[in-house]
Structures are given as structure tokens and as C-alpha cells.
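The values are calculated or read from the model by the stated rules, or taken from the named source; none is laboratory data. If you're wondering where the values come from, they're calculated on a predicted model, not measured in any experiment. Cβ sites come from the backbone with ideal geometry, for glycine too, and all protein chains shown count toward neighbours. For accessibility, only protein heavy atoms count, side chains too; no ligands or nucleic acids. Shrake-Rupley method; radii C 1.70, N 1.55, O 1.52, S 1.80 Å.
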2 protein chains.
Amino acid sequence: MAKDFYTAVADRRSIYGISKDSVVSEEKIREIIEHALTYTPSAFNSQSARIVLLLEAAHDRLWDITKEALRKIVPPDEFGATAAKIDAFQNGYGTVLFFEDQKVVESLQNQFPAYKNNFPVWSQQSSGMHQYVVWTALELEGLGATLQHYGELIETQVKQEWNLPDHWKLIAQMPFGKPTAQPDPKEMQPLADRMRVFK
Amino acid sequence: MAKDFYTAVADRRSIYGISKDSVVSEEKIREIIEHALTYTPSAFNSQSARIVLLLEAAHDRLWDITKEALRKIVPPDEFGATAAKIDAFQNGYGTVLFFEDQKVVESLQNQFPAYKNNFPVWSQQSSGMHQYVVWTALELEGLGATLQHYGELIETQVKQEWNLPDHWKLIAQMPFGKPTAQPDPKEMQPLADRMRVFK
């Protein structure tokens, strides 16, 4: 039976141990992304989100690019640990890249100058929503995923490699695969400190 | 039967026509917010989100505050339309206020200076995720909601009114209630322009 919304929300976690073993069809993964792009909201329904799915050699290539970029900035004696972390992402089945189209954001800024400073912020919030929906759906289908942020380091090369538009801004990378290890329990801060109700 | 995740995602819309009629218990609305705060992710599990639920007189008061703040900046001949919009939000059952605790964000910046510029962005993304989870759950329970952004205009007074910490930054307001009108179909841009797959 299909998992209900609340259970899906509760079950989504950061899964760092992932493998290349197939869990669902490639078609299903495409459908997850199409569904997210179709139904996740954006400011003024601007649909600024762009998503790239990397599989097989393209997925491996992304993490090679990331590793080589890190090699240039991480001290040699720390690079072993860094490389191991990147290898763990590369061990997965694929990666979802989340972009926001800056042409769309700038067009909104020009159309509605009163909200000029808000549109980039709302774009980030909408990107977060897209990341969340894809992440939760991947988990729901039995995959494990995490959210990574190497964008500043790899954005130029990623766009060159896959010939992506310059105005797509890389926001996050989500490597995913068959879970090979379960996450530890998550520490929760008391809700009483984070929520208030007034009548 | 509980609605599955994909259906819940597809059914969430901006519902502008809302009333004060009760749809679910106040306890259920609290549970939605507690569930979202418990399970929605944040950078480094920092749990920076803060949520305030306003009901009854407090909900009405929020939109009075907003209307009076708008009266000071909207030209008199346009104020009728503005007031009607705010009244429509006030007609609802309650409002969820989304904040991000800037003390938490600053603490991360101090602990991890390499990501200093990223933490405020990740905080916005995480706030977007929280907004999304609450919105979808309200819709799932038969309520209608929209996401509003009068924060810059009302933040100081909101904090005074409900004695909220200065370091809570107001990100968004979500008025909700029993739906009194269904939304129009949503225009969708072609997925082919928004998604790419590489192997």
C-alpha cells in the first residue's frame, strides 16, 4: 500500500551509505522529478526550478569533477578523508542537480520592482521545496539520498560538461542509491522552544 | 484512507477563499506543525525553524496589524482593493507564522566560517521546506492555505504583540481556513524546458 504523507515525511533521512544497485526503474526516477517540477510551488508560479538527472557515467563524472576541484583546495594530509566522502557519493546510483533559472528571477524583478530583493530569496525557498519533494519521494521508493552543496566549486565545470545554460544557478546536488547503512537516530530539540500558539 | 504522498503533493494549491468554519480540531493543527518541526531537515540539523500559530483573536489581530501597516504605504485610491485582500485572509481560521532563528544561523557561521555565506541561504531553503510541509498537511486535512510575505512591513509589531524573541526573523505568513472557492487550473511550462537527463 502507498505510504501516507505523514509517514513519508517522518521517514525521510540523510542516507550516506548508498550503492549502485537498482531499486526502482530509471523511468520511476524520472517520474519523481517530473512530478516534483509539476506540483511544487514557486513565487508567482514562475516555475524557476530546473533539474538535471545524472545517471551512470554522467553521475560518476560529476563526482570526479568534484573530487578534482577539492584536490586543489584541500590540504594534502586531509585529502584522504575528503576523497573517501566523495567516493561514497560516487558509489550511488545517480545524482539530482537542482538549479534555479536566474533569467526567470530577473524577469520577475523587472516586472515587480517593489519585490526586487525578495525574488532571489523566494527562489531559494522554492528550490528548498523542490529538493524536499524529490528527496522524500526517493526515500519513499526505497532509495537513500543526501543533500550536498559543492556548487560554488563545480558550477562552471558542470555547465561546460553538460552544456547547460549560463543562467541556471546550481543550488544543490543530491546523490542517491540503494541504502547500505541506516542513519543514527536524530537529535531533536524540544518543541516547546520552537513553537508557540496564541489565541 | 490516508492520502498517499504523491497525491498530497499534487493536491496542494494556493487557496485564497477561506472561512472561519472549523474543519479539523485545533489539536490536529498543532500536531501538523509539531510533525513538520520534528521531521523537516535543516543545515547540520540545526533546527533553526520557529513556528507561531495564531488562532481566533490573535489571527484577527495579525491581519489588522497588516492592514494598518499597508494603509500607511498604499495610495488611498488603491487601498480598497488592498484591504479586501487582507480581509480575505482575516476571514480564515488561523495563520501560521514561519520564522528562522538568527542566533542559530549566526552560531553556525561562527562554528564553520568556511560556509559563512551559505548558512543564511540554507536557512531560507529549510524555511521553504517547513512552509511546504505545513501547507501540504493543511491541504491534506481539508483546509486551504496560501503563503504571504508581509514580513518586512509587520515584523517589528508582530514581535512586540506576541513578545517574540528579536532574533526570530519572520519569513512568511500562511493564512488558512475552510476552502470557500476552488483555485483555477495552474498553467504549466513544458517539462522538457525544465529537466534534463544525462548518462
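Values as computed for the structure displayed
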quantity	calculated
Options B:Ala57, B:Ala83, B:Ala88: the member that is more than 13 Å from chain A (Cβ to nearest Cβ), over 18 Å from the mean Cα position of the chain (by Cα) and modelled with pLDDT of 95 or more	B:Ala83
Scope the range B:148-193; condition β-branched (Val, Ile, Thr) and within 13 Å of another protein chain (Cβ to nearest Cβ); matching residues	B:Val158, B:Ile171
So A:Leu70, is it in contact (Cβ under 8 Å) with a residue 60 or more places away in the chain and either of a type in the set (D, E, K, R) or out of contact with any strand residue (DSSP E or B) (no Cβ under 7 Å at 6 or more places or on another chain) (or both)	yes
Filter result (out of contact with any Ser or Thr (no Cβ under 7 Å at 6 or more places or on another chain) and of a type in the set (Ser, Thr, Tyr)) within the range A:94-124	A:Thr95, A:Ser107, A:Tyr115
Check on B:Thr40, under 21 Å from the mean Cα position of the chain (by Cα) and farther than 22 Å from A:Asp193 by Cβ	no
The range B:183-199 - residue that is assigned to a loop (DSSP other than H, G, I, E, B) and within 30 Å of B:Leu143 (Cα to Cα) and, of those, farthest from the chain's Cα centre (by Cα)	B:Pro190
Residue match in the range B:115-132 (condition: outside any helix (DSSP H, G or I) and within 27 Å of B:Glu31 (Cβ to Cβ))	no
Count of residues meeting criterion [within 9 Å of chain B (Cβ to nearest Cβ) and open to solvent by 40 Å² or more (accessible area, probe 1.4 Å)] in the range A:118-139	1
Selection count, the range B:141-182, where residues are open to solvent by less than 80 Å² (accessible area, probe 1.4 Å), in a loop (DSSP other than H, G, I, E, B), over 24 Å from A:Pro120 (Cα atoms) and not aromatic (Phe, Trp, Tyr)	6
Top-ranked residue of the range B:1-37 - restricted to ones that are among the polar types (S, T, N, Q) and at the interface with chain A (Cβ under 9 Å from one of its Cβ atoms), ranked as farthest from the chain's Cα centre (by Cα)	B:Thr7
Selection count, the range B:183-195, where residues are charged (D, E, K, R) and either open to solvent by 70 Å² or more (accessible area, probe 1.4 Å) or in contact with an Asp or Glu (Cβ under 6 Å, 6 or more places away or on another chain) (or both)	3
